[in-house]
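Enquirer: Below you'll find the structure I mean.
The values are calculated or read from the model by the stated rules, or taken from the named source; none is laboratory data. Just so you know, these numbers come straight off a predicted model, no measurement behind them. We place every Cβ from the backbone using ideal geometry, glycine too, and count neighbours over all the protein chains shown. Note: accessible area is taken over every heavy atom of the protein model, side chains too, but ligands, DNA and RNA are not part of it. Shrake-Rupley method; radii C 1.70, N 1.55, O 1.52, S 1.80 Å.
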Amino acid sequence: NLIHYNLMKKIITLLFLAVTLTAAAQDFNHYFEDATLRLDYIFSGNAKHQAIAVDELSRIPRWYGKHERLAEVPVEGNGQVIVRDHRTQKVIYRNSFSTLFQEWLTYDEAKKASGKAFENVFLVPFPKDSVDITVELRNNRREVTVSMSHTVNPKDILIRHIGERSVTPYETLQKAADTTRCIHIAYVAEGYTEAEMANFIEDCRTANEALFAHEPFKSLRQRFNVVAVKSPSMESGTSEPSKGIWKNTALHSHFDTFYSDRYLTTLHLKDLHDWLAGTPYEHIIVLVNTEKYGGGGILNSYNLSMVRNSYFKPVVVHEFGHSFAGLGDEYAYEKEQINMYPTDVEPWEPNLTTLVDFHGKWENLINKKTPVPTPQPADLDKPNARYDKWKVGVYEPAGYSQHGVYRAYPDCRMRTNMHPEFCPACNLGLTKLIKFYTGE
């Protein structure tokens with residue numbers, strides 16, 4: 001009968017899931033220890049030529065990244081780190097990323113300068129045997145422009161051991177339902193003195209509640225483990241080069257990145273990961289103790305946001321969309337167009353399209369009667385906008401381009417600070433990513 005059939009179907013599904021999880025665990029345990037191999041690199045060059053060099057290797061206790069689907073990436077990114085078993089050349093781990101270095105390559109300075117160097121840090125599970133690691137960078141046409149491979153022997157005496165004795169104090173803000181299959185987020189203090197750490201913890205709680213007020217984070221909150229890492233600064237605030245202000249802070253962050261007034265970043269990724277060594281972390285949110293508007297988010301690197309500003313909450317959530325899920329910016333300004341997305345190449349970002357290869361994005365959310373491209377609703381950007389009347393479609397402009405790059409919805413957290421939600425395409429991309437990381 002139907003009841004018996006449905007019961008058998010559920011049992012088979014559970015058995016299949018159990019076998020899959022067991023196989024995944026065996027695969028991880030076969031190749032890796034419960035520890036982290038930290039890879040420090042220097043990316044250097046200019047718009048014409050780039051190079052990758054190994055800087056330092058470190059071992060950190062415990063591994064807080066994925067334990068399943070090790071050779072897969074949920075989003076392509078602007079670069080990838082690939083780990084192969086040295087003996088068989090089987091890919092045993094892969095992750096994607098973006099970097100400030102690659103963004104710098106798009107600016108005029110990179111076309112004129114002889115070269116510039118940037119720190120980059122990646123985390124992979126610590127191998128039990130020798131592995132070959134490849135780092136590759138891709139351009140905006142999704143082509144590999146430079147790659148470098150090197151062999152790592154886990155018994156190498158020059159692999160530095162960190163995070164075992166001296167660990168930065170931290171507080172747990174939120175404990176996952178299952179800490180063995182969850183996503184680890186660490187808030188990091190920047191520009192907070194020792195005397196201001198109570199303020200930092202309060203700011204972390206504010207940011208965290210803002211993030212988990214948004215779907216799909218709200219519904220899947222139990223899958224996240226969140227800590228606040230108390231990295232003290234000698235001085236309060238952050239640097240503002242345009243005003244001649246330079247502060248001695250934990251991460252040496254500053255405004256005016258690439259000479260953009262509101263672009264707030266840190267270039268000191270080794271310092272960032274030194275502060276985090278020994279704490280449970282994978283995804284990073286840096287809170288900067290300043291009231292000036294600014295921030296930045298880089299896929300699988302970090303999200304950095306000011307706190308003493310009225311737009312603190314929407315900005316920290318927006319930047320996490322970049323750093324956690326690789327969501328693209330859905331806005332475009334007529335006076336500041338950037339040719340980041342060639343219109344004959346499909347962006348890898350899940351919430352942008354050029355319609356070159358739309359399959360697998362949000363096409364299933366669009367009503368067949370909705371025109372493509374889709375006209376803007378008359379109430380867009382008005383205070384009394386009726387979001388409930390809006391339709392999923394394909395809207396211009398997006399991705400810093402007035403024409404040829406499209407978004408899914410009239411407004412979104414990835415477009416403006418005023419809209420209260422992620423759009424349906426972002427929601428879909430975030431949900432897929434969370435389930436990818438947590439084994440569903």
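Enquirer: Across the stretch 36-59, which residue is surrounded by the fewest Cβ atoms within 10 Å (Cβ to Cβ) among those that are charged (D, E, K, R) and over 17 Å from Val144 (Cβ atoms)? Talk me through it step by step, then tell me what you get.
Expert: Here is the first cut: in the stretch 36-59, the ones charged (D, E, K, R) are 38, 40, 48, 55-56, 59.
Then drop every residue that is not over 17 Å from Val144 (Cβ atoms), which leaves 38, 40, 55-56, 59.
Working: Arg38: 23, Asp40: 18, Asp55: 12, Glu56: 14, Arg59: 19.
By that ranking, first place goes to Asp55.
Enquirer: On to the next question. Quick check on this structure: which one of Leu433, Leu380 is touching a residue at least 40 places away in the same chain (Cβ under 8 Å) and either aliphatic (A, V, I, L, M) or not in a loop (DSSP other than H, G, I, E, B) (or both)?
Expert: Numbers: Leu380 fails: touching a residue at least 40 places away in the same chain (Cβ under 8 Å).
It is Leu433.
Enquirer: Could you say whether any residue in the stretch 207-217 is surrounded by 16 or more Cβ atoms within 10 Å (Cβ to Cβ) and among the acidic types (Asp, Glu)? Please lay out each step first, then the result.
Expert: Initially, the stretch 207-217 is screened for residues surrounded by 16 or more Cβ atoms within 10 Å (Cβ to Cβ), giving 207-208, 210-212, 214, 216-217.
From what is left, the residues that are among the acidic types (Asp, Glu) are none.
No, the stretch 207-217 contains no residue that is surrounded by 16 or more Cβ atoms within 10 Å (Cβ to Cβ) and among the acidic types (Asp, Glu).
Enquirer: Please state which one of Glu196, Glu171 is among the acidic types (Asp, Glu), at negative phi, in a strand (DSSP E or B) and more than 19 Å from the chain's Cα centre (by Cα).
Expert: Values: Glu196 fails: in a strand (DSSP E or B).
Only one candidate passes the filter, namely Glu171.
Enquirer: Which pairs turn up if I take residues in the stretch 268-295 that are within 23 Å of Gly326 (Cβ to Cβ) and in contact (Cβ under 8 Å) with a residue 24 or more places away in the chain and look for partners that are among the acidic types (Asp, Glu) and assigned to a helix (DSSP H, G or I) with beta carbon separation below 9 Å, at least 6 apart in sequence or on another chain?
Expert: What qualifies is Ile285/Glu319; Leu287/Asp203; Gly295/Glu319.
Enquirer: Mind listing just one residue for me: the one in the stretch 240-268 that is assigned to a helix (DSSP H, G or I) and out of contact with any Phe, Trp or Tyr (no Cβ under 8 Å at 6 or more places or on another chain) and, of those, most open to solvent (accessible area, probe 1.4 Å)? Explain how you work it out, then say what you get.
Expert: Of the residues in the stretch 240-268, the ones assigned to a helix (DSSP H, G or I) are 241-243, 257-259.
Filter once more, keeping what is out of contact with any Phe, Trp or Tyr (no Cβ under 8 Å at 6 or more places or on another chain): 243, 259.
On the way: Lys243: 136, Tyr259: 192 Å².
The residue in question is Tyr259.
Enquirer: Report, by residue number, each residue of the stretch 53-70 that is among the small types (Gly, Ala, Ser) and over 18 Å from the mean Cα position of the chain (by Cα).
Expert: Ala53, Ser58
Enquirer: Quick check, is Asn339 touching a strand residue (DSSP E or B) at 6+ places or on another chain (Cβ under 8 Å), in contact (Cβ under 8 Å) with a residue 12 or more places away in the chain and exposed (fewer than 15 other Cβ atoms within 10 Å of the Cβ)? Spell out the reasoning first.
Expert: Details: touching a strand residue (DSSP E or B) at 6+ places or on another chain (Cβ under 8 Å): yes; in contact (Cβ under 8 Å) with a residue 12 or more places away in the chain: yes; exposed (fewer than 15 other Cβ atoms within 10 Å of the Cβ): yes.
For Asn339, the condition - touching a strand residue (DSSP E or B) at 6+ places or on another chain (Cβ under 8 Å), in contact (Cβ under 8 Å) with a residue 12 or more places away in the chain and exposed (fewer than 15 other Cβ atoms within 10 Å of the Cβ) - is met.
Enquirer: Take the stretch 104-124 and flag every residue that is in contact with a Lys or Arg (Cβ under 7 Å, 6 or more places away or on another chain) and not in a helix (DSSP H, G or I).
Expert: Across the stretch 104-124, the qualifying residues are Glu119, Val121, Leu123.
Enquirer: Could you tell me how many of the residues in the stretch 277-306 are outside any strand (DSSP E or B), of a type outside the set (Phe, Trp, Tyr) and either out of contact with any strand residue (DSSP E or B) (no Cβ under 6 Å at 6 or more places or on another chain) or open to solvent by 10 Å² or more (accessible area, probe 1.4 Å) (or both)?
Expert: Residues of the stretch 277-306 outside any strand (DSSP E or B): 277-282, 289-294, 299-301.
Within this subset, residues satisfying the condition of being of a type outside the set (Phe, Trp, Tyr) are 277-280, 282, 289-292, 294, 299-301.
Then drop every residue that is not either out of contact with any strand residue (DSSP E or B) (no Cβ under 6 Å at 6 or more places or on another chain) or open to solvent by 10 Å² or more (accessible area, probe 1.4 Å) (or both), which leaves 278, 280, 282, 289-292, 300-301.
Of the residues in that region, 9 qualify.
Enquirer: Counting just the residues of the stretch 141-160 that are in contact (Cβ under 8 Å) with a residue 24 or more places away in the chain and either touching a helix residue (DSSP H, G or I) at 6+ places or on another chain (Cβ under 9 Å) or of a type in the set (Val, Ile, Thr) (or both), which one comes out nearest to Arg38 (Cα to Cα)? Spell out the reasoning first.
Expert: Filtering the stretch 141-160 down to residues in contact (Cβ under 8 Å) with a residue 24 or more places away in the chain leaves 141-142, 145-148, 150-152, 154, 156, 158-160.
Then drop every residue that is not either touching a helix residue (DSSP H, G or I) at 6+ places or on another chain (Cβ under 9 Å) or of a type in the set (Val, Ile, Thr) (or both), which leaves 145-146, 151-152, 159.
Working: Thr145: 24, Val146: 21, Thr151: 14, Val152: 11, Ile159: 9 Å.
The qualifying residue nearest to Arg38 (Cα to Cα) is Ile159.
Enquirer: Now a separate question. Picking from Ser310, Ser323, which residue would you name as being in a loop (DSSP other than H, G, I, E, B) and under 30 Å from Tyr400 (Cβ atoms)?
Expert: Ser310
Enquirer: Another one. Considering each of Arg223, Arg181 in turn, give the residue that is among the basic types (Lys, Arg), more than 23 Å from Val317 (Cβ to Cβ) and within 20 Å of the chain's Cα centre (by Cα).
Expert: Values: Arg223 fails: more than 23 Å from Val317 (Cβ to Cβ).
None of the other options fit; the residue is Arg181.
Enquirer: Under 7 Å by Cβ, and 6 or more places apart or on different chains, what pairs join a residue from the stretch 65-83 that is without any contact (Cβ under 8 Å) to a residue 24 or more places away in the chain and surrounded by 20 or more Cβ atoms within 10 Å (Cβ to Cβ) with one that is in a loop (DSSP other than H, G, I, E, B) and among the hydroxyl-bearing types (Ser, Thr, Tyr)?
Expert: Filtered contacts from the stretch 65-83: no entries.
Enquirer: If I ask for residues that are without any contact (Cβ under 8 Å) to a residue 24 or more places away in the chain and within 19 Å of Glu196 (Cβ to Cβ), which ones from the stretch 227-245 would you list? Outline the logic, then answer.
Expert: The first filter runs over the stretch 227-245 and keeps only residues without any contact (Cβ under 8 Å) to a residue 24 or more places away in the chain, leaving 239, 241-245.
The answer is Ser239, Ile245.
Enquirer: Report, by residue number, each residue of the stretch 166-220 that is of a type in the set (Val, Ile, Thr) and out of contact with any strand residue (DSSP E or B) (no Cβ under 8 Å at 6 or more places or on another chain).
Expert: Pass one, the stretch 166-220, residues of a type in the set (Val, Ile, Thr): 167-168, 172, 179-180, 183, 185, 188, 193, 201, 206.
Those that are of a type in the set (Val, Ile, Thr) and out of contact with any strand residue (DSSP E or B) (no Cβ under 8 Å at 6 or more places or on another chain): Val167, Thr180, Thr193, Thr206.
Enquirer: Considering each of Val315, Val356, Val345 in turn, give the residue that is outside any strand (DSSP E or B) and either free of Cβ contacts under 8 Å to residues at least 60 places away in the same chain or surrounded by fewer than 14 Cβ atoms within 10 Å (Cβ to Cβ) (or both). Spell out how you get there, then give the answer.
Expert: Values: Val315 fails: either free of Cβ contacts under 8 Å to residues at least 60 places away in the same chain or surrounded by fewer than 14 Cβ atoms within 10 Å (Cβ to Cβ) (or both); Val345 fails: either free of Cβ contacts under 8 Å to residues at least 60 places away in the same chain or surrounded by fewer than 14 Cβ atoms within 10 Å (Cβ to Cβ) (or both).
Step by step, each of Val315, Val356, Val345 is checked, and only Val356 is outside any strand (DSSP E or B) and either free of Cβ contacts under 8 Å to residues at least 60 places away in the same chain or surrounded by fewer than 14 Cβ atoms within 10 Å (Cβ to Cβ) (or both).
Enquirer: While we're here: Does the stretch 146-154 include one or more residues that are within 30 Å of Asn289 (Cβ to Cβ), open to solvent by 70 Å² or more (accessible area, probe 1.4 Å) and touching a Ser or Thr at 6+ places or on another chain (Cβ under 9 Å)?
Expert: From the stretch 146-154, those within 30 Å of Asn289 (Cβ to Cβ) are none; that's our starting set.
Checked the stretch 146-154: no residue is within 30 Å of Asn289 (Cβ to Cβ), open to solvent by 70 Å² or more (accessible area, probe 1.4 Å) and touching a Ser or Thr at 6+ places or on another chain (Cβ under 9 Å).
Enquirer: Next question, about the same structure. Within the stretch 253-273, is there a residue that is hydroxyl-bearing (Ser, Thr, Tyr), modelled with pLDDT of 95 or more and in contact with a Lys or Arg (Cβ under 6 Å, 6 or more places away or on another chain)?
Expert: Checking the stretch 253-273: not a single residue is hydroxyl-bearing (Ser, Thr, Tyr), modelled with pLDDT of 95 or more and in contact with a Lys or Arg (Cβ under 6 Å, 6 or more places away or on another chain).
Enquirer: On to the next question. Return the total of residues in the stretch 218-239 being more than 15 Å from Ser253 (Cβ to Cβ) and open to solvent by 40 Å² or more (accessible area, probe 1.4 Å).
Expert: 6
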